[in-house]
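Novice: The structure under discussion is supplied below as structure tokens; questions concerning it will follow.
Quick note: the coordinates plus some simple rules give every number you see, no bench work behind them. From a predicted model like this one, the values you see are computed outputs, not experimental measurements. Note that we place each Cβ from the backbone using ideal geometry, even for glycine, and neighbour counts take in every protein chain shown.
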Amino acid sequence: MEFNYIAKTKQGETQSGTVEAVNRAAAVEALQARGLIILSLAGVETTPVFARSLKIFQRVKAKDLVSFARQFSTLVSAQVPLLTSLQSLAKQEENKYFQEIIFEVANDVEGGTIFSQALSRHPKVFSDFFVNMVRSGEASGNLENSLLYLADYMEKQYYLTSRVRGALAYPGFILCTFILIAVLMLILVIPKLTGFLQETGQELPFVTKVIIGVSNFMRGWWWLILILLAGGGWYAYYAVKNSPAVRWQWDTLKLKLPIFGKKIFQKIYVARIAENLSTLIQGGLSILQALQVTSEVVGNVVYQNIVSEAKEEVRTGNSLSSSFMKHKEIPPLVSQMIATGEQTGSLDIILKKLAQFYSKEIDSTVDTLSQMIEPILIVLIGGGVALLVASILMPIYNIAGGM
């Protein structure tokens, strides 16, 4: 948002112009940081009312953040000043919500706030990992390399997540389509045939009675089903987000799921731990700081506890590898390679190789599962359709045969 201002300098000269800020308070803070005495400040809210009311639903997508990190690292590498880089990226950002946040960070930096501290004021957008990498670069005077490590890391994580989601999208679509078709048949088709079958007075097969019963229930209580589904979904989401006990059970369950547990989820979290630690250590953080940040961003309570426990053991003088060896959730290969890295002083390199290895493993597993899931779904859906159709056609054939 732009604000028109009239202000005086410390020398008494009058200035006028425009300043971009998220709100009036941010504009005042930015102008005061320049040493200006504000005489008037006026701005026009150009965002429609309905858009402002929906702001709570706005978010910054992973793709937007990856693009920001890559472009920002490129600008800093080209010796473009920090403030200029932020303002340039904000102006070209298409996500208006993210644009406002970048402008606010730029205003904070212009007002004298350290860049990492300005980022930390927006925890919903910039994670602890992001902020700590920037803070490390500021402390070492090597912000350029820290940003490059950060951009590379975020691109890898985005690719990994997109790869898994993409593999599950097609089976999910097919399954949802089948459920929709089954529901439409139960609500629209089955009732029309039910009257005809009941008029014949014939004893209906058990499966047919079950199908008719389900159809009648869905027609009469569809509103209750919708309420239960919506309420159950909201409660499950809320409980996972806010209840540590439920979150622990959910994260534990994910690791025990057939096929997906060890073959995908475990590898994702192990790869994330290795990638996080490698990037943070290369960015200049100590092993204790790297373990602390990694525990907060790993995304699974089980592995969060494992990394937190490892941090405490490292603090008391034990090795990282010996701590990881105690947990079955950490593959022996990981502990052995980390032990090698600790002995040779190349822990960051070993961790990077581990991350690359497990990323390739995930790719291979996802490809294999994608090829397996499709025929399995076809068989299951075909069986479901056959059962649904046969339960209605069987009585009709019996009637035709008895005539």
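Novice: Computed FRET efficiency, Cβ-Cβ of residue 257 and residue 199, R0 45 Å: what is it to the nearest 0.05? Write down the numbers at each step before the final one.
Specialist: On the way: r = 48 Å, r/R0 = 1.06.
Plugging the Cβ-Cβ distance into 1/(1 + (r/R0)^6) gives 0.40.
Novice: Let me ask something else about it. Between residue 363 and residue 88, 0.36 nm times their residue separation minus their Cα-Cα distance comes to what? Walk me through the numbers on the way to the answer.
Specialist: Details: separation 275, 0.36 × 275 = 99.00 nm, distance 3.60 nm.
That pair, residue 363 and residue 88, stretches by 95.4 nm at full extension.
Novice: Considering Cα pairs under 8 angstrom that are at least six residues apart, work out the relative contact order of the range 264-396 and quote it in whole percent. Walk me through the intermediate numbers first.
Specialist: Working: 113 pairs, mean separation 37.7, N = 133.
Once normalised by length, the contact order is 28 percent.
Novice: If a paramagnetic tag sat 7 Å from the Cα of residue 38 along the Cα-Cβ line, which residues of the range 86-111 would have the backbone N under 17 Å from that point?
Specialist: 104-111
Novice: With 10 angstrom as the radius, rank 365, 252 by how many other C-beta atoms surround their C-beta, starting from the fewest.
Specialist: On the way: 365 18, 252 14.
Starting with the residue having the fewest Cβ neighbours, the order is 252, 365.
Novice: Kindly flag which residue pairs out of 124/156; 256/360; 63/352; 262/326; 91/352; 156/326 have an alpha-carbon separation exceeding 26 Å in this structure. Let's see the in-between values first.
Specialist: Values: 124/156 20 Å; 256/360 22 Å; 63/352 23 Å; 262/326 17 Å; 91/352 35 Å; 156/326 28 Å.
Check vs 26 Å cut-off fails for 91/352; 156/326.
Novice: Can I ask one more? How would the range 60-155 be classified by its alpha-carbon gyration tensor: rounded, prolate or oblate, with rounded meaning a/c under 1.5 and the a/b versus b/c comparison settling the rest?
Specialist: On the way: a/c = 1.25, a/b = 1.13, b/c = 1.10.
Note, shape of the range 60-155 comes out rounded.
Novice: Another question, if that's okay. Explain nothing, just the number: dipole magnitude of the chain about its Cα centre with +1 on each Lys and Arg Cβ and -1 on each Asp and Glu Cβ, in debye rounded to the nearest 20.
Specialist: Values: 36 positive and 32 negative charges, 139 e Å.
Its charge dipole is roughly 660 debye.
Novice: What distance in nm lies between label points placed 7 Å from Cα along the C-beta direction at residue 78 and residue 182?
Specialist: Between residue 78 and residue 182, the label points sit 5.5 nm apart.
Novice: If each residue's Cβ is checked for other Cβ atoms within 10 Å, how do 147, 351 rank with the fewest at the top? Show your work: numbers first, answer last.
Specialist: Numbers: 147 23, 351 26.
Result, fewest neighbours first: 147, 351.
Novice: Order of 8-18, 181-191, 288-298, 306-316 by packing, highest average Cβ count within 10 Å first?
Specialist: In decreasing order of mean packing, 8-18, 181-191, 288-298, 306-316 become 288-298, 306-316, 181-191, 8-18.
Novice: Based on the Cβ-Cβ distance of residue 71 and residue 128, what FRET efficiency does E = 1/(1 + (r/R0)^6) give at R0 = 25 Å, to the nearest 0.05? Intermediate values should be presented prior to the final figure.
Specialist: Working: r = 22 Å, r/R0 = 0.88.
Between residue 71 and residue 128 the formula returns 0.70.
Novice: What number comes out for the charge environment of residue 254, summing +1 per Lys or Arg and -1 per Asp or Glu over other residues with Cβ under 14 Å away? Walk me through the numbers before you get to the answer.
Specialist: Values: positive: 247, 256, 262, 263, 267, 272; negative: 251, 329.
Around residue 254, the charge tally is +4.
Novice: Which shape class applies to the chain: rounded if a/c is under 1.5, otherwise prolate when a/b exceeds b/c and oblate if not, where a ≥ b ≥ c are the square roots of the Cα gyration tensor eigenvalues?
Specialist: Taking the square roots of the gyration eigenvalues as a ≥ b ≥ c, the chain is oblate.
Novice: Please arrange 96, 241 by counting, for each residue, the other beta carbons lying within 10 Å of its beta carbon, fewest first. The partial results should precede the final answer.
Specialist: Working: 96 12, 241 9.
Sorted ascending by nearby Cβ count, the order is 241, 96.
Novice: What relative contact order, as a whole-number percentage, does the chain give when Cα pairs under 8 Å and 6 or more residues apart are counted? All intermediate terms of the calculation are to be shown ahead of the outcome.
Specialist: On the way: 405 pairs, mean separation 53.9, N = 403.
Answer for the chain is 13 percent.
Novice: Work out the charge dipole of the range 187-261 with +1 on the Cβ of Lys and Arg and -1 on the Cβ of Asp and Glu about the Cα centre, then indicate which of 216, 195, 255 is farthest towards its positive end.
Specialist: 255
Novice: Using a Gaussian network model on the chain with a 10 Å cutoff between Cα atoms, which of 380, 347, 285 fluctuates the most?
Specialist: Of the options given, 380 has the highest mean-square fluctuation.
Novice: For labels at residue 390 and residue 192 in the simple 7 Å Cα→Cβ model, what's the distance in nm?
Specialist: Between residue 390 and residue 192, the simple spin-label model gives 2.4 nm.
Novice: Test of understanding: what is the full-extension gain from residue 61 to residue 234, defined as 0.36 nm times their sequence separation minus their Cα-Cα distance?
Specialist: On the way: separation 173, 0.36 × 173 = 62.28 nm, distance 2.17 nm.
Roughly 60.1 nm would be gained on extension.
Novice: Something else now. Which GluC sites (Glu not before Pro) from the range 74-166 combine a DSSP loop assignment with at most 15 other Cβ atoms within 10 Å?
Specialist: On the way: sites: 93, 94, 100, 104, 110, 138, 144, 155; in loops: 93, 94.
Within the range 74-166, the qualifying GluC sites (Glu not before Pro) (loop, at most 15 other Cβ atoms within 10 Å) are 94.
Novice: Using 1/(1 + (r/R0)^6) with R0 = 25 angstrom and r between the beta carbons of residue 309 and residue 340, what's the FRET efficiency to the nearest 0.05?
Specialist: Details: r = 21 Å, r/R0 = 0.86.
Taking R0 as 25 Å, the efficiency between residue 309 and residue 340 is 0.70.
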